[in-house]
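Student: The structure is given below, and queries will be raised subsequently.
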Amino acid sequence: MVAFTGTALSQDPTLAATPPMGWNSWNHFAGRVDDADIRAAADAMVSSGMRDAGYLYVNIDDTWEGQRDANGVIHANEKFPDMKALADYVHSKGLKLGIYSGPGPKTCAGYPASYGHETQDAQTYAAWGIDYLKYDLCSFRQIMRTQAPHDPQKQFEMEKAAYEKMHQALLATGRPIVFSLCQYGLNDVWKWGTSVGGNLWRTTDDINDTWERMSDIGFGQLGLAQYAGPGHWNDPDMLEIGNGGMTEDEYRTHMSLWAILAAPLLAGNDLSKMSPETLALLTNKEVIAVDQDPLGKQGDRASALGMTEIWTRPLRNGALAAGLFNRDDTEQAITLNLHDIGFTDHAKLRDLWKHQDVSATHGSFTVTVPPHGVVMLKISR
């Protein structure tokens, strides 16, 4: 292992000051991911303009792990012959590298995780040059059940302690490493994730590339806004945009809703084979600016009528983002009343997907929204 020299530091206030943006290997590659795929993703993030749009993290998910040596040091398997060299390559592109483990003995896919080796693994990641750790509860749940059967409170305390242990190990390396808690929203993690060093935490079980699952997760974030802010974010899971299971309107809803939710934007498609439509959805600078708004306030639902919903998010300088969502299978007219959201008749409205200014009439804006679609506005005083 390459030695990493650094001094321990308290939590870096600049770490994940806005929701992390990047790419994760799991949704498209799953267990097939290898070194070449990560390099290709890094290359594509640069050549496509995604890096310049704000996507920085290239994250390796499960199945990179090899075996531990006689000293207990984790090594990557044959798919990743030199993790330090890979990190150097990703860094040379102006990007950051992420990795995956968990507090249990095994990862979800059955590879070695960090149980009993937390300090050692954190030092290894820092030596490699890792910038982001996704830490997945998986097999630790069996330890919780075995050591504290029929005692949910004790299990909960064990879970928090396991995440705090890795948090302290990461801090001790002296390297700024974003800490992503992946434990499926159990035990209202949004209420305590910050206390164990989480920069983001999953609020749900896994997403998949269907309208039903994506919309259930996204619209199910109601009421969680108060728990998000600079350095600590609710994470409704990765983006499925471009994987083929939804329509362009549905993917536009996906991107718009995640931006209003101040969610991490971690693309999950094959970046080397993107259509122009997929790239345009992922790199819409006006929508990304909503997600990355420095005020750091997550949005929430403002109103619901039948299968239509309006979600709003406060932005800096007194502005507001609004998503007019149609969850119905047929097109619907949706009306936004400016007075209902604290604006006068003279507010300025901009359609963020059409990149054009639009007008309200007598203080209201009415638009026909396609099935499973959205119209996303920025409203300024």
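The values are calculated or read from the model by the stated rules, or taken from the named source; none is laboratory data. Model, not experiment: these values are computed from the prediction. Heads up, the Cβs are rebuilt from the backbone with ideal geometry, glycines too, and the neighbour counts pull from every protein chain shown.
Student: Can you tell which of Ala17, Ala76, Ala40 is among the aliphatic types (A, V, I, L, M) and closer than 17 Å to Gly268 by Cα?
Tutor: Working: Ala17 fails: closer than 17 Å to Gly268 by Cα; Ala76 fails: closer than 17 Å to Gly268 by Cα.
Going through Ala17, Ala76, Ala40 in turn, just one is among the aliphatic types (A, V, I, L, M) and closer than 17 Å to Gly268 by Cα: Ala40.
Student: Spot the failing condition for Pro176; the list is (1) within 19 Å of the chain's Cα centre (by Cα); (2) within 22 Å of Thr63 (Cα to Cα), and only one is missed.
Tutor: All conditions pass for Pro176, except number (2).
Student: Evaluate the following for Glu164: is it surrounded by 23 or more Cβ atoms within 10 Å (Cβ to Cβ), outside any loop (DSSP other than H, G, I, E, B) and out of contact with any strand residue (DSSP E or B) (no Cβ under 9 Å at 6 or more places or on another chain)? Steps first, please.
Tutor: Values: surrounded by 23 or more Cβ atoms within 10 Å (Cβ to Cβ): no; outside any loop (DSSP other than H, G, I, E, B): yes; out of contact with any strand residue (DSSP E or B) (no Cβ under 9 Å at 6 or more places or on another chain): yes.
No: the conditions fail for Glu164.
Student: A follow-up question, please. Identify the residue in the stretch 89-124 that is of a type in the set (Phe, Trp, Tyr) and in contact (Cβ under 8 Å) with a residue 40 or more places away in the chain and, among all such residues, is surrounded by the most Cβ atoms within 10 Å (Cβ to Cβ). I'd like the intermediate steps shown before the answer.
Tutor: As a first pass, look at the stretch 89-124 and keep what is of a type in the set (Phe, Trp, Tyr): 89, 100, 111, 115.
Add one more test, that the residue is in contact (Cβ under 8 Å) with a residue 40 or more places away in the chain, and what stays is 89, 100, 111.
Values: Tyr89: 18, Tyr100: 26, Tyr111: 19.
By that ranking, first place goes to Tyr100.
Student: Is there any pair linking a residue in the stretch 151-179 that is without any contact (Cβ under 8 Å) to a residue 24 or more places away in the chain to one that is small (Gly, Ala, Ser), with Cβ under 6 Å and at least six apart or on different chains, and which?
Tutor: That search, which allows pairs on different chains as well, returns Lys154/Ala148; Gln155/Ala148.
Student: Could you look through the stretch 181-198, keep only residues that are of a type in the set (A, V, I, L, M) and part of a helix (DSSP H, G or I), and pick out the one that is surrounded by the fewest Cβ atoms within 10 Å (Cβ to Cβ)?
Tutor: First, pick out the residues of the stretch 181-198 that are of a type in the set (A, V, I, L, M): 181, 186, 189, 196.
Cutting the leftovers down to part of a helix (DSSP H, G or I) gives us 186, 189, 196.
On the way: Leu186: 14, Val189: 25, Val196: 20.
If we take residues in the stretch 181-198 being of a type in the set (A, V, I, L, M) and part of a helix (DSSP H, G or I), then Leu186 is surrounded by the fewest Cβ atoms within 10 Å (Cβ to Cβ).
Student: On the given criteria, is Leu86 under 12 Å from Arg39 (Cβ atoms), in contact (Cβ under 8 Å) with a residue 24 or more places away in the chain and under 20 Å from the mean Cα position of the chain (by Cα)? Steps first, please.
Tutor: On the way: under 12 Å from Arg39 (Cβ atoms): yes; in contact (Cβ under 8 Å) with a residue 24 or more places away in the chain: yes; under 20 Å from the mean Cα position of the chain (by Cα): no.
No.
Student: Still on this structure: Could you tell me which of the residues Ala360, Ala347, Ala333, Ala319 is more than 24 Å from Arg202 (Cα to Cα), in contact (Cβ under 8 Å) with a residue 12 or more places away in the chain and loosely packed, with under 13 Cβ neighbours inside 10 Å? First the steps, then the outcome.
Tutor: Values: Ala360 fails: loosely packed, with under 13 Cβ neighbours inside 10 Å; Ala347 fails: loosely packed, with under 13 Cβ neighbours inside 10 Å; Ala319 fails: loosely packed, with under 13 Cβ neighbours inside 10 Å.
Result of the check over Ala360, Ala347, Ala333, Ala319: Ala333.
Student: Now for a different question. All but one of (1) closer than 23 Å to Thr283 by Cβ; (2) in a strand (DSSP E or B) hold for Trp201; state the number of the condition that does not hold.
Tutor: (1)
Student: Let me ask something else about it. Return yes or no: is Pro13 outside the structural domain of Ala169 (by TED's automatic domain parsing) and not β-branched (Val, Ile, Thr)? Walk me through how you get there before you give the answer.
Tutor: Details: outside the structural domain of Ala169 (by TED's automatic domain parsing): yes; not β-branched (Val, Ile, Thr): yes.
Considered against the rule, which asks whether it is outside the structural domain of Ala169 (by TED's automatic domain parsing) and not β-branched (Val, Ile, Thr), Pro13 comes out as yes.
Student: Does the stretch 36-56 contain at least one residue that is assigned by TED's automatic domain parsing to the domain that holds Gln123, closer than 25 Å to Ala225 by Cβ, touching an Asp or Glu at 6+ places or on another chain (Cβ under 9 Å) and modelled with pLDDT of 95 or more?
Tutor: yes
Student: What are the residues in the stretch 298-347 that are among the β-branched types (Val, Ile, Thr) and on the phi > 0 side of the Ramachandran plot, if any?
Tutor: Applying the first criterion (among the β-branched types (Val, Ile, Thr)) to the stretch 298-347 yields 308, 310, 312, 330, 334-335, 341, 344.
Of everything in the stretch 298-347, nothing turns out to be among the β-branched types (Val, Ile, Thr) and on the phi > 0 side of the Ramachandran plot.
Student: Residues that are more than 24 Å from Pro276 (Cα to Cα) and touching a Leu at 6+ places or on another chain (Cβ under 9 Å): which helices (runs of 4 or more DSSP H) entirely in the stretch 2-106 hold 2 or more of them? Write out each step before concluding.
Tutor: Values: elements: 26-29, 35-47, 50-53, 83-92.
In the stretch 2-106, 83-92 are the helices (runs of 4 or more DSSP H) which contain 2 or more residues that are more than 24 Å from Pro276 (Cα to Cα) and touching a Leu at 6+ places or on another chain (Cβ under 9 Å).
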